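The values are calculated or read from the model by the stated rules, or taken from the named source; none is laboratory data. For clarity, every value in this text was computed on a predicted model and none was experimentally measured. Note that each Cβ is placed from the backbone with ideal geometry, even for glycine, and that neighbours are counted across all protein chains shown. Side chains are part of the model used for accessible areas, which takes the heavy atoms of the whole protein and leaves out ligands, DNA and RNA. Shrake-Rupley method; radii C 1.70, N 1.55, O 1.52, S 1.80 Å.
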Amino acid sequence: MPDLKVAHVRQQGVDLIIAPLDREFGHKTREAQQEIINEIQLRSRSAGLAGTVVPVWDSGGGRMAFIAPRNWQAFFRSLSLRTVWANVNRELSW
């Protein structure tokens, strides 16, 4: 995987690392998705970024899919991929 651009944001006092991924991420098994999330979390920590990794991807029809903690799902439903990309501010080396 090449370098990964992420949006490191603080929302309601909580750090989030929002990782826009290829739409193929949505077709992977839950186990494969979790492995990728774990790797992004590890790379984020190595880069000095604190927070919960939330992968997002294009699920078709202009909708954004995501894997987020339950208490953050309403927030992520209110976002678009365009908004996420507008907030990209870091790059993780792979």
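Among the residues of segment 16-30, is any touching a residue at least 12 places away in the same chain (Cβ under 8 Å), of a type in the set (Phe, Trp, Tyr) and not in a helix (DSSP H, G or I)? Checking segment 16-30: not a single residue is touching a residue at least 12 places away in the same chain (Cβ under 8 Å), of a type in the set (Phe, Trp, Tyr) and not in a helix (DSSP H, G or I). The set of residues in segment 73-87 being open to solvent by less than 80 Å² (accessible area, probe 1.4 Å) and either over 21 Å from ARG23 (Cβ atoms) or touching a Pro at 6+ places or on another chain (Cβ under 7 Å) (or both) consists of ALA74, PHE75, LEU81, VAL84. Being on the phi > 0 side of the Ramachandran plot, of a type in the set (Gly, Ala, Ser) and open to solvent by less than 90 Å² (accessible area, probe 1.4 Å) holds for only one residue in GLY61, GLY26, and it is GLY61.
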